Each structure stands twice: as structure tokens, then as C-alpha cells.
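The values are calculated or read from the model by the stated rules, or taken from the named source; none is laboratory data. Values in this document were obtained by computation on a predicted structure and should not be read as measured data. As a convention, Cβ positions derive from the backbone with ideal geometry for all residues, glycine included, and neighbour counts pool all protein chains shown.
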Amino acid sequence: MTDMKLEVVVIPVADVDRSTQFYTSFGWRLDKTPPIVVQLTPPGSGCSVQFGATLTTAAPGSAKNYLIVSDLEATRAELVAAGVEVSEIFHLTAEGPKPGLDPNRGSYLSRATFHDPDGNEWLLQEVTTRLPGRVDPSQFAFTSVNDLAAALHRAAAAHGKVDGDWLNWAAEYLIAEQAGTKLPS
């Protein structure tokens with residue numbers, strides 16, 4: 001099967017100008033778009049969001065989407081500093097959601113949410129190691145300095161020390177982490 005990459009998600013909004021202001025206020029890039037469409041792209045994302053007066057018949061505020069982040073605490077702090085109301089961090093357990101980060105910082109488990117002015121929900125999900133097969137290791141890349149820095153900090157913590165061989169070990173660690181394969185010891 002040929003590759004299919006998700007390019008754009010349409011979100012229903014009531015006021016295009018208000019929504020544009022909201023999303024650009026915390027760093028989403030306003031892309032050049034046709035006159036009836038607003039397109040914004042979150043930092044480091046390969047997928048954008050679009051909205052406009054005639055793009056969808058869905059009710060404003062009815063969308064629910066995920067944003068994957070490598071450091072949930074830092075992302076939450078940045079959004080709060082930009083004036084966005086973000087829920088407290090919680091993590092998933094077999095018994096249901098619990099307050100705070102996952103104690104082991106397991107991928108896909110720690111989350112927080114925020115809503116845009118229309119009530120569209122965005123769930124922030126911390127992912128540091130992808131599920132196997134989710135990323136082609138020959139094509140992985142860190143899309144921002146923040147993602148690479150966070151990954152280097154995780155690699156340094158996992159290695160336990162920084163020595164002459166550390167950069168080679170860190171490179172192995174980062175490739176394995178992104179690909180969802182066995183991490184080096």
C-alpha cells in the first residue's frame with residue numbers, strides 16, 4: 001500500500017478571527033492559505049489544522065484531537081504562560097486516570113487537556129518512545145530543538161554518565177527510542 005500521510009484536520013469554530021488569534025498566541029504558525037480557509041501548524045508538526053466559515057457543518061466546539069509532546073510538563077508550562085487554561089496533568093492506570101505524571105514516565109500515559117474558545121478539546125499526550133512500527137527508523141528526525149534536547153536528557157539519564165562514548169551511545173538510544181525498538185543498556 002502506498003504511504004498516506006495525514007495533512008490537515010478541520011476543526012469547527014464560530015469566529016475565525018478569534019480562533020486565529022487563540023492559536024497564534026501560543027506559537028502555531030499561520031500558513032499561507034486561500035481566502036476562505038485559515039490553516040495553522042503546531043510547532044514541529046507535519047499535520048495542520050484548518051477552519052473557515054464554510055469548511056464544515058460540524059458544530060463549533062465538537063472536535064477532539066490529540067497533540068503529541070515529548071515533555072508534558074514543559075509544554076503545559078508554555079501554554080499556561082501564554083494564557084491558555086490547561087488541566088492538571090494526569091496519567092492512565094488500569095483503575096482509571098490518576099493525578100500527576102505517570103511515575104515511570106511511560107509513553108502514551110501522561111496527559112493534560114485544554115480547550116479553544118469554542119470548546120474544541122485538545123488532549124496533550126506525552127510520547128517519548130513510539131510503539132514498534134509506528135515510525136520508520138530510516139526516516140525519523142527530530143523536528144525541533146526542544147524535542148532533540150528532551151531526548152538527549154532522557155538518553156543521558158538512561159546512560160547514567162557522560163563519557164567519551166556517550167554520544168555514540170546516545171545516537172543508538174535516540175534511534176531506538178523513536179523507532180520503538182529495544183533501548184541500549
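In the stretch 163-184, of all residues being surrounded by fewer than 12 Cβ atoms within 10 Å (Cβ to Cβ) and assigned to a loop (DSSP other than H, G, I, E, B), the one that is modelled with the highest pLDDT corresponds to Lys182.
Kindly provide the set of residues from the stretch 1-49 that are exposed (fewer than 11 other Cβ atoms within 10 Å of the Cβ) and within 21 Å of the chain's Cα centre (by Cα), ordered by number. The answer is Met4, Lys5, Leu6, Glu7, Gly46.
Checking the conditions here, which among Asp3, Asp31 is acidic (Asp, Glu), in the same structural domain as Glu121 (by TED's automatic domain parsing) and without any contact (Cβ under 8 Å) to a residue 40 or more places away in the chain? Asp31 is the lone residue from the list that is acidic (Asp, Glu), in the same structural domain as Glu121 (by TED's automatic domain parsing) and without any contact (Cβ under 8 Å) to a residue 40 or more places away in the chain. Looking at the stretch 46-58, is at least one residue touching a helix residue (DSSP H, G or I) at 6+ places or on another chain (Cβ under 9 Å) and within 30 Å of Leu174 (Cβ to Cβ)? Checked the stretch 46-58: at least one residue is touching a helix residue (DSSP H, G or I) at 6+ places or on another chain (Cβ under 9 Å) and within 30 Å of Leu174 (Cβ to Cβ). Of the residues in the stretch 20-33, not one is over 22 Å from Glu78 (Cα atoms) and not in a loop (DSSP other than H, G, I, E, B). Just to be sure before I move on: is Leu72 closer than 25 Å to Leu174 by Cα and either surrounded by 18 or more Cβ atoms within 10 Å (Cβ to Cβ) or of a type in the set (A, V, I, L, M, F, W, C) (or both) in the structure I sent? Yes; evaluated as a whole, the condition is true for this residue.
Residue by residue, here is whether (1) modelled with pLDDT of 95 or more; (2) assigned to a strand (DSSP E or B) holds:
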residue	(1), (2)
Glu88	yes, no
Ser107	no, no
Leu123	yes, yes
Arg130	no, no
Ser138	no, no
Ala149	no, no
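In summary, Arg111 fulfils each of the numbered conditions (1) basic (Lys, Arg); (2) at pLDDT 75 or above; (3) closer than 22 Å to Val9 by Cβ; (4) out of contact with any strand residue (DSSP E or B) (no Cβ under 8 Å at 6 or more places or on another chain) with the single exception of condition (4).
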